[in-house]
Every structure is written in structure tokens, then in C-alpha cells.
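To start, the structure under review is shown below, and the notes come after it.
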Amino acid sequence: MNKLVKSLMIAAAVTLSAGTTLAAQAQDTSEAKNLDELLQLVEKNRVSSRELNAEREREFTAARADKQAMLNRAKQQLEDEKARGKRLQNEFSENEVALANKEQELENAKGTLGEMFGVVRGAATETIGRIATSIVSAQYPGREDVLQSLSEAKELPTLEELEELWQALLTEMVQSGKVVKFDTEVTLLDGGTEQREVVRLGTFNLISGDQYLVYNDTTEQVQPLGRQPEGGATGQAQEFFNTESGYEGVFLDPSKGQILGLLTQKATLSERYHQGGTVGYVITVVLIIGLLIALYKLITLTGAAGKIRSQLKNPESPKDSNALGRILKVYQENKSADPENLELKLDEAILRETPKIDSGVNVIKIFAAIAPLLGLLGTVVGMIGTFQSITLFGTGDPKIMAGDISMALVTTAMGLIAAIPLILAHSIVASRAKSIVHILDEQAAGIVAAHSEKE
């Protein structure tokens, strides 16, 4: 670039000099007064131009020599760089060979240490998986960080790294046999956190109060179970948590939380009930109405039986508030009748009282018969849905058919569950009604017998 600028400057100077010379010659020619002077001026200018051109040739020659020297220097630098490149290439090849030889020497020097390195790396990898998922990490977090670098290392482990591996294995082994109480942060199901006192049962379970906790190794957080175990498990957990000394029983998950995790997927009683669908709701309505009728009849019949017992204590003063009193009034109104007519009158009175006593009893019986039929209806509807799912999606995924099968089984169970108490209620109410009717028949027969004796 600098050479190009210099060439342009020289050309501009030559052009400027030529222009100046021509201008000077023109000026001198215009100053000539005759031909002799003009001839002298021309000769003078001719000499000057020749000298000027010679000067220009010398300058061009010198510049050309400089450019040739620069070109020669550039060619020499190129040759030097090529020679240097070949020398570096040879050095690189020699270094590659030397490096391969050194690596082979290193492998030969390691000997059985290489096998030990593989064993250590495998043990570190296995230990990381065991420690990361262990609930002991809830009490001692970050134990697997050192082992992570050891499992990914490409060189022989150091003595400190081997001690870390040994310490991690020893800690897991010792803590697996201890019951320890410690404080940690628990992430609640609503997203909040709180500091809690937690009891760790070896490497099996975490307990806080009456709750079983789980350790999420992905987020490294302690969380309550989505659904706590049913029955007395939580009560025993509370008693165990509050125990300061001695021995106390507690439910333990030997699968290290897998069984407790399955509990979160187990359907509750409420969810089972709703699986019955519309048919299940109808069965529930039938059960409730039947039990309400049975309760109403049981109350009214109990009250009627109490009034009849009171009337039995005072048969001479019949009252219209009870069935026996109304029958005794019929007797008092027909004392003068012969026994046959009196018996007919009393039977008629009993027949009038019987529908009031037996009303609603047969409805309970009908509901008891309808409930299992509705359960059978739900079974049929569920199986129809199951076969439709099989037709559309095949049998590859059982979960597609699980909903309809659950409906079929749940409605069958609900029908039986509704029928059993309705049958028992019908039996109780019917026996109570029969006992009242029996008392009325007995008293009517006694009245007829006494009246016949008087006659």
C-alpha cells in the first residue's frame, strides 16, 4: 500500500513539472522580440527539456530498483516461511510419535492400577445412584458432588478421592441402622415451606408428627405424601414420633417409599363412589329414600305401640288416638250385638287399622329389590362401555377400559350394599307392624270370647 502511494506521488510530481515547463516555454516565447531571440529561446528550452527528461529517467530507474529490491525481499520471506512450516510439521509429527510412546509407557507403568481405576469409577457411579435416592441425603445433602467428579474422571484417583468414596459408603451403611431426629425444611403440598422436626427410620421412611414424608432426589426436597396411609398407620406414626425413650411400634415401608408412593395412586372411598356414575347416584337415592321411610315407619310404629300399651292398662276408657282404643270403641258401641255380628264389626275395625300400620312397609321391600337390579344395570352399562373401548382402541392399553370396568364393579357392589340394609330395615319394620296387628287381633278375639261367655 505504501509503495502504491509513493508511485502516485511521483507521477503527480512529473506531471506538475511538465506542465510548469511548457508554461515557462510559452511565456518565454511570448517575450521574444524577433526571430533570432525566438531561436535562442527554443534552443535554450530544448536543452532544459532534455535535462529534465534525463532527470526523470534517473528517478524512474531508481524507483524501479527500489521496487525490485522490495520484491526480492518478499520472495525471500516467503521462502523462509515455507521452510519454517516444513520444520514445524516435522516437529509436530515427531511430538505425536513421542506422545504416543509416553502414553504407552504410562499404561505399562500403571499396570494393575488401571484395573483399580475402573473398579473405583464403577463403584463411584453405583454409589452416586444409591446416595442420591437415599433419604439419608435429606439429613446430609451434597454427599454425591465429590463422587460425581470421581465417576467422570479420566485419570487415576487421588488418595483424597478414594477416602471420599470410602467415607460415603461407610456413612450410608452406618446411617441405615439408625433412628435419628433432625430439623429440616419441608416443602408443603400447597407450595410453601416450613421448618420441621423429622424422624428418619434408617434408610426406609421419614416421619413428622402423624405424616409420612418422602425425599425427592430430583429437587432435593422433603415433601409430605400426597395421600397419607389409611387406618392406624398415621396414629402409630404420631405415637412413635412423640416417644422420647423406650420402644414403640410403627408401620415401616421396606421398599424405601415405593409402597407409600403407590398409596397416592390408590382410589379413595369417595373416588370409588363417584366411579359408579349416574347409576350409582340413583342407587344412593333409592337407599336414602328407603332408609328414611324405614326410619319414619319405625318411629310411627314405636309411638303407636306405646299408645296401645298404655291403652291396654286402661281398657275401660278407650281413646281415638290409638288403634286399640278405636277398636274398643267399636265394641262399646256394639255390646248388644250377638257374638257373630260383634266379631264381624271388630274384624272390620281391624281391617281399617291395618292399612295405616302396613303403609310404607312394602315400599321398603320394593326398594330392597330394586337396588341390586340397578347394580346389575350399572354392570351391563359398564361392560357395554368396555366393549366399545375395545372396539375403538383395542386391548393394548388396559387403562382405557379401566373406567368402564370400575363402573361395572362399583355399581354391582353399591346395589348389594344398598339392598342389605334395606332388607334388614324392612324386616324390622315389618315385624314391628305385625306385632301391632297381632295385638289388635288378640284383643279383638278376647273381646269376642268374653262377650260370648256373657251371652
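The values are calculated or read from the model by the stated rules, or taken from the named source; none is laboratory data. From a predicted model like this one, the values you see are computed outputs, not experimental measurements. Cβ sites come from the backbone with ideal geometry, for glycine too, and all protein chains shown count toward neighbours. Surface areas here come from the heavy atoms of the whole protein model, side chains and all, with no ligands, DNA or RNA. Shrake-Rupley method; radii C 1.70, N 1.55, O 1.52, S 1.80 Å.
Things to note:
- Reference-scaled alpha-carbon Rg (2.2 N^0.38 Å with N residues) for the range 128-238: 1.23
- Residue pairs exceeding 32 angstrom between C-alpha atoms, taken from 329/434; 44/67; 329/365; 313/454; 266/297: 44/67; 329/365; 266/297.
- Degrees, to the nearest 10: 323-333 long Cα axis against longest axis of the chain: 30 degrees
- Cα principal axis extents for the range 156-201, largest first, Å: 47, 24, 13
- When the GluC sites (Glu not before Pro) in the range 234-291 are filtered for DSSP coil states and for at most 15 other beta-carbon atoms within 10 Å of their beta-carbon, the remaining sites are 244, 248.
- The charge dipole of the range 395-455, taken about its Cα centre with unit charges on the Cβ atoms of Lys, Arg (+1), Asp and Glu (-1) only, comes to about 180 debye.
- Of the solvent-accessible surface of the chain, computed with a 1.4 Å probe over protein heavy atoms with every protein chain present, carbon and sulfur atoms account for 59 percent.
- Length gained when the stretch residue 356-residue 450 is fully extended (0.36 nm per residue, less Cα-Cα span): 31.1 nm
- Label positions at residue 347 and residue 219, each projected 7 Å from the Cα along the C-beta direction, are separated by 8.2 nm.
- Share of Cα-Cα pairs in the range 225-352 lying beyond 20 Å, as whole percent: 71 percent
- Kirkwood Rh, angstrom, the range 35-82 [1 / mean 1/r, Cα pairs]: 13.8 Å
- Using a Förster distance of 41 Å, the FRET efficiency for residue 437-residue 369 (Cβ separation, nearest 0.05): 0.95
- Heavy-atom accessible surface of residue 268, to the nearest 10 Å², is about 40 Å², with a 1.4 Å probe and all protein chains retained.
- Three principal axis lengths of the range 322-455 [C-alpha, angstrom, descending]: 89, 19, 19
- Neighbours of residue 217, meaning other residues whose beta-carbon lies under 11 angstrom from its beta-carbon, give a summed charge of -1 when Lys and Arg score +1 and Asp and Glu score -1.
- Most positive-pole-ward Cα, 219, 98, 409, against dipole of the chain from beta carbon charges: 409
- Sorted from greatest to least, the principal axis extents spanned by the alpha carbons of the range 190-233 come out as 30, 26, 19 Å.
- Here the Debye sum runs over all C-alpha atoms of the range 401-455 as equal scatterers in vacuum, and log10 of I(q)/I(0) at q = 0.14, 0.21, 0.24 Å⁻¹ comes out as -0.61, -0.81, -0.88.
- With θ taken as phi - 60° and the Karplus curve 6.51 cos²θ - 1.76 cosθ + 1.60 applied, the whole-hertz 3J(HN,Hα) list for the range 73-79 is 5, 5, 4, 5, 5, 4, 5 Hz, x standing for glycine and proline.
- With only Cα atoms counted, the chain has Rg and Dmax values of 57.6, 205 Å.
- Surface per residue (accessible, 1.4 Å probe) for the range 335-455, Å²: 58 Å²
- 10 Å binning of all Cα-Cα separations within the range 295-401, expressed as whole percents from 0 upward: 12, 24, 18, 12, 10, 9, 8, 6, 1
- Ordered by 1.4 Å accessible area with all protein chains kept, 134, 452, 245 run largest first as 245, 452, 134.
- Label-point separation, residue 292 to residue 145 (7 Å along Cα→Cβ), nm: 6.6 nm
- Spacing of the two label points (7 Å from each Cα toward its C-beta) at residue 178 and residue 388, in nm: 6.0 nm
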